[in-house]
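The values are calculated or read from the model by the stated rules, or taken from the named source; none is laboratory data. For clarity, every value in this text was computed on a predicted model and none was experimentally measured. We place every Cβ from the backbone using ideal geometry, glycine too, and count neighbours over all the protein chains shown. Each accessible area value is taken on the protein alone, full model and side chains, heavy atoms only, with ligands, DNA and RNA left out. Shrake-Rupley method; radii C 1.70, N 1.55, O 1.52, S 1.80 Å.
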Amino acid sequence: LLDLKRQRVAELISPDVQRKIERLKRCKEAAARLANAIRTTDEKLSAYTTAGIEARRGALQKAQQEFEEATRALDPGQEPVAGVGDKKWQVLYEAARAFSEALAYPHKKFPAHDPGDRCVLCMQDLGEEAQARFDRFMRLMDQQPKVVLAREQATWRQQLDGVEALGPVDLSGFEELLDEFGNSNPIVSKAIADCRTSQSVRIGAIRAST
């Protein structure tokens with residue numbers, strides 16, 4: 001009996017057994033990390049519901065509609081060129097504002113039209129008519145509908161960026177664990193693969209709804 005115990009002890013302290021024990025310890029730690037990674041990924045996906053995306057889209061469309069109504073109230077027909085208030089015109093206006101406040105007239109609120117100030121687009125002196133036109137544009141772009149529209153546009157872009165960054169749980173760094181499961185527990189190995197497939201399907205549905 002004593003010889004059997006000694007043999008058993010010798011087996012337990014053999015290099016092969018010790019390596020196996022260390023491998024199982026690493027796999028146990030990796031399994032906890034993988035479970036947390038799967039849970040974290042699921043939580044990220046749950047933040048993007050179809051209802052939530054539609055609500056954000058609806059808010060953006062409502063803000064755009066209200067800004068367009070405010071634009072029509074401006075009577076763009078009185079301006080010398082068509083398109084005032086259009087999305088492309090807004091880009092032009094915001095670019096002029098950024099240039100003026102950062103470089104041309106950094107200490108003045110846009111549009112700067114004190115004596116001697118010039119139009120930052122054409123570089124010409126600002127006459128009374130041009131000053132009055134800039135004042136109309138400023139009222140349009142600084143009023144509440146435009147502020148709300150800018151906020152909703154930023155929120156929508158942030159949501160699109162978040163959706164683009166989505167991906168199923170990343171299995172890099174879990175190779176040893178997956179190898180262990182593949183050898184000793186194929187059921188768990190398949191469950192992990194099915195989980196990634198399910199997450200990929202959910203991501204596809206989320207992207208399709210944006």
Need the failing condition index for residue 133 against (1) more than 30 Å from residue 47 (Cα to Cα); (2) open to solvent by 40 Å² or more (accessible area, probe 1.4 Å); (3) free of Cβ contacts under 8 Å to residues at least 24 places away in the same chain, just the number. (3)
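Say we look at the stretch 64-120 and pick out the residues that are among the aromatic types (Phe, Trp, Tyr) and closer than 15 Å to residue 147 by Cα; which of these is modelled with the highest pLDDT? Even if it seems obvious, please write down each step before you answer.
Step one: of the stretch 64-120, the residues among the aromatic types (Phe, Trp, Tyr) are 67, 89, 93, 99, 105, 110.
Now narrow it down to the ones that are closer than 15 Å to residue 147 by Cα: 67, 93.
Working: 67: 84, 93: 89.
Applying the filter and picking the extreme gives 93.
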Does any residue of the stretch 163-174 turn out to be of a type in the set (Ser, Thr, Tyr) and farther than 30 Å from residue 28 by Cβ? no
Please list, ordered by first then second residue, the pairs with beta carbon atoms under 6 Å, 6 or more apart or interchain, first in the stretch 161-174 and at pLDDT 90 or above, second surrounded by 11 or more Cβ atoms within 10 Å (Cβ to Cβ) and assigned to a loop (DSSP other than H, G, I, E, B). 163/210
Looking at (1) open to solvent by less than 40 Å² (accessible area, probe 1.4 Å); (2) within 30 Å of residue 202 (Cβ to Cβ); (3) not aromatic (Phe, Trp, Tyr), which is the one condition that is false for residue 158? (1)
Considering only the stretch 161-197, how many residues are open to solvent by less than 60 Å² (accessible area, probe 1.4 Å), small (Gly, Ala, Ser), on the phi < 0 side of the Ramachandran plot and over 19 Å from the mean Cα position of the chain (by Cα)? 4
Pick out the one residue from 86, 135, 125 that is within 33 Å of the chain's Cα centre (by Cα) and not aromatic (Phe, Trp, Tyr). 86
Among 82, 59, which is the only one that is in contact with a helix residue (DSSP H, G or I) (Cβ under 8 Å, 6 or more places away or on another chain), small (Gly, Ala, Ser) and within 30 Å of residue 206 (Cα to Cα)? 59
Looking at the structure I just gave you, is residue 37 open to solvent by less than 60 Å² (accessible area, probe 1.4 Å), of a type outside the set (Ser, Thr, Tyr), modelled with pLDDT of 90 or more and within 26 Å of residue 191 (Cα to Cα)? yes
Given the conditions (1) under 21 Å from residue 60 (Cα atoms); (2) among the hydroxyl-bearing types (Ser, Thr, Tyr); (3) surrounded by 18 or more Cβ atoms within 10 Å (Cβ to Cβ), and given that residue 105 satisfies all but one, which numbered condition is not satisfied? (1)
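Give the stretch 98-117 a look and list any residue that's farther than 19 Å from residue 142 by Cα, touching a residue at least 12 places away in the same chain (Cβ under 8 Å) and not in a loop (DSSP other than H, G, I, E, B), or say none. It would help to see each step written out before you state the result.
Here is the first cut: in the stretch 98-117, the ones farther than 19 Å from residue 142 by Cα are 103-104, 114-117.
Narrowing further to those that are touching a residue at least 12 places away in the same chain (Cβ under 8 Å): 104, 117.
Across the stretch 98-117, the qualifying residue is only 104.
Just to be sure I understand, how many residues within the stretch 8-34 are more than 30 Å from residue 169 (Cα to Cα), outside any loop (DSSP other than H, G, I, E, B) and either open to solvent by 100 Å² or more (accessible area, probe 1.4 Å) or modelled with pLDDT of 80 or more (or both)? Reasoning before the result, please.
Going residue by residue through the stretch 8-34, those that are more than 30 Å from residue 169 (Cα to Cα) are 8-18.
Among the residues that remain, those that are also outside any loop (DSSP other than H, G, I, E, B) are: 8-12, 15-18.
Applying the additional criterion that residues be either open to solvent by 100 Å² or more (accessible area, probe 1.4 Å) or modelled with pLDDT of 80 or more (or both) yields 8, 16.
Looking only at that region, the number is 2.
Across the stretch 137-155, what is the total count of residues that are open to solvent by 40 Å² or more (accessible area, probe 1.4 Å) and either assigned to a helix (DSSP H, G or I) or touching a Pro at 6+ places or on another chain (Cβ under 9 Å) (or both)? Please lay out each step first, then the result.
Filtering the stretch 137-155 for residues open to solvent by 40 Å² or more (accessible area, probe 1.4 Å) gives 138-139, 142-144, 147, 150-151, 153-155.
Filter again for either assigned to a helix (DSSP H, G or I) or touching a Pro at 6+ places or on another chain (Cβ under 9 Å) (or both), leaving 138-139, 142, 144, 147, 150-151, 153-155.
Number of matching residues: 10.
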